[in-house]
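Enquirer: Just dropping this structure here.
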Amino acid sequence: MTDEHASLTYTSYLALDEVLAAQRPRSAEHDEMLFIVIHQVYELWFKQMLHELAYLQDKLTAGDTPHAIRTLRRVLTILKVVVAQIDVLETMTPTQFTSFRTRLDAASGFQSAQFRELEALLGRRDRGAFEHYPEGSAARERIAAAMARPSLYDSFLAYLSAHGYEVTGDQRKLLLSVYADDAGPATVAEHLVDLDEGVQEWRYRHVKMVERTIGDKAGTGGSSGAKYLRGTLFKPLFPELWAVRADL
């Protein structure tokens with residue numbers, strides 16, 4: 001074992017000194033620590049989902065069914081954890097949140113660049129998602145670049161093409177063929193529906209958490225809070241995969 005390897009520890013490998021020093025409450029309120037930790041963990045999971053979904057797109061484009069399915073299952077499991085975290089956040093009462101809310105100033109989850117990038121990867125094509133970030137900022141450029149790349153559904157179509165399906169014609173007819181064959185591509189399609197449903201579940205739980213915490217007050221950072229979040233509900237990522245069910 002080299003000296004370099006001998007010096008590696010659990011703490012240094014995971015950069016725990018930096019990670020555990022990254023919680024910097026701005027008040028003496030007990031509950032602010034929970035609020036910070038939860039949102040930092042969200043950002044770590046967003047980072048991991050971006051990592052996994054980029055890998056998924058590569059595997060789909062290559063027509064690799066086994067690795068695509070395994071990766072989708074991992075992302076779906078992460079989503080369950082992300083949704084479950086809301087249960088922890090909801091142990092904080094409205095009064096407890098109000099006790100430090102003013103210390104957040106303009107900070108808002110609406111500003112999460114990673115979540116905007118995730119939305120872009122999943123198919124959102126709306127310049128409004130990045131226009132409030134400063135010109136030339138890394139966040140703005142990253143989100144715009146994600147919107148310029150193929151979406152996850154585009155990668156799914158490339159995957160179907162790699163498996164011999166004609167993807168330039170009627171989408172309904174294409175997906176009916178996929179489901180009629182009831183093979184690997186149909187399993188991938190169903191996992192994408194699971195992903196879509198999981199994201200919608202997270203959005204719904206997020207809305208209800210905001211409503212029970214601050215009601216219809218404006219969100220921090222000047223966002224419209226629950227009103228904006230309600231506008232994101234029940235909008236599927238992959239509408240074609242839902243529409244085809246009427247004909248199955």
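The values are calculated or read from the model by the stated rules, or taken from the named source; none is laboratory data. Note that this is a predicted model, so its numbers are computed, not measured. Using ideal geometry, Cβ is built from the backbone for each residue, glycine included, and neighbour counts are taken over all protein chains shown. Quick note on the areas: whole protein, heavy atoms, side chains included, nothing else; ligands and nucleic acids left out. Shrake-Rupley method; radii C 1.70, N 1.55, O 1.52, S 1.80 Å.
Enquirer: Which condition number in (1) open to solvent by less than 70 Å² (accessible area, probe 1.4 Å); (2) touching a Phe, Trp or Tyr at 6+ places or on another chain (Cβ under 8 Å) is the one that Leu56 fails?
Expert: It is condition (2) that Leu56 fails.
Enquirer: May I pose another question? Out of the residues in segment 145-164 that are more than 14 Å from Lys59 (Cα to Cα) and part of a helix (DSSP H, G or I), which is most open to solvent (accessible area, probe 1.4 Å)?
Expert: Here the answer is Ala148.
Enquirer: Which of the numbered conditions does His39 fail, given that it passes all the others? Conditions: (1) modelled with pLDDT under 95; (2) buried (at least 17 other Cβ atoms within 10 Å of the Cβ).
Expert: (2)
Per-residue answers, yes or no, for (1) open to solvent by 40 Å² or more (accessible area, probe 1.4 Å); (2) modelled with pLDDT under 90; (3) among the β-branched types (Val, Ile, Thr):
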{"site": "Thr232", "(1), (2), (3)": "no, yes, yes"}
{"site": "Pro239", "(1), (2), (3)": "yes, no, no"}
{"site": "Val244", "(1), (2), (3)": "no, no, yes"}
{"site": "Asp247", "(1), (2), (3)": "yes, no, no"}
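Enquirer: Regarding Val188, is this residue part of a loop (DSSP other than H, G, I, E, B), in contact with a Ser or Thr (Cβ under 8 Å, 6 or more places away or on another chain) and open to solvent by less than 60 Å² (accessible area, probe 1.4 Å)?
Expert: So Val188 fails the test.
Enquirer: Now, a different point. Among the listed residues Val75, Val81, identify the single one that is assigned to a helix (DSSP H, G or I), surrounded by fewer than 16 Cβ atoms within 10 Å (Cβ to Cβ), touching a residue at least 12 places away in the same chain (Cβ under 8 Å) and aliphatic (A, V, I, L, M).
Expert: Val81
Enquirer: Any residue that is under 23 Å from the mean Cα position of the chain (by Cα) and outside any helix (DSSP H, G or I) - is there at least one of those in segment 50-62?
Expert: No.
Enquirer: Looking for something under 21 Å from Asp194 (Cα atoms), assigned to a helix (DSSP H, G or I) and of a type in the set (S, T, N, Q) - is there at least one such residue anywhere in segment 31-46?
Expert: No, that holds for no residue.
Enquirer: Given the residues Val178, Val167, Val207, which is the only one that is modelled with pLDDT of 95 or more, of a type in the set (A, V, I, L, M, F, W, C) and part of a helix (DSSP H, G or I)?
Expert: Val178
Enquirer: Based on what the data block shows, is Leu122 surrounded by 15 or more Cβ atoms within 10 Å (Cβ to Cβ) and in contact (Cβ under 8 Å) with a residue 40 or more places away in the chain?
Expert: Against the criterion (surrounded by 15 or more Cβ atoms within 10 Å (Cβ to Cβ) and in contact (Cβ under 8 Å) with a residue 40 or more places away in the chain), Leu122 qualifies.
Enquirer: Show the residue pairs that are 6+ apart or on different chains and have beta-carbon atoms under 6 Å apart, the first residue being within segment 162-187 and free of Cβ contacts under 8 Å to residues at least 40 places away in the same chain and under 15 Å from Ile69 (Cβ atoms), the second being of a type in the set (Phe, Trp, Tyr) and not in a loop (DSSP other than H, G, I, E, B).
Expert: What qualifies is Ala186/Tyr179.
Enquirer: Still on this structure, I have one more. Could you run through segment 97-144 and say how many residues are out of contact with any helix residue (DSSP H, G or I) (no Cβ under 9 Å at 6 or more places or on another chain), at pLDDT 90 or above and outside any loop (DSSP other than H, G, I, E, B)?
Expert: 1
Enquirer: Continuing with the same structure: Of all residues in segment 1-30, which are at pLDDT below 95, open to solvent by less than 60 Å² (accessible area, probe 1.4 Å) and either part of a helix (DSSP H, G or I) or polar (S, T, N, Q) (or both)?
Expert: The answer is Ser27, and nothing else.
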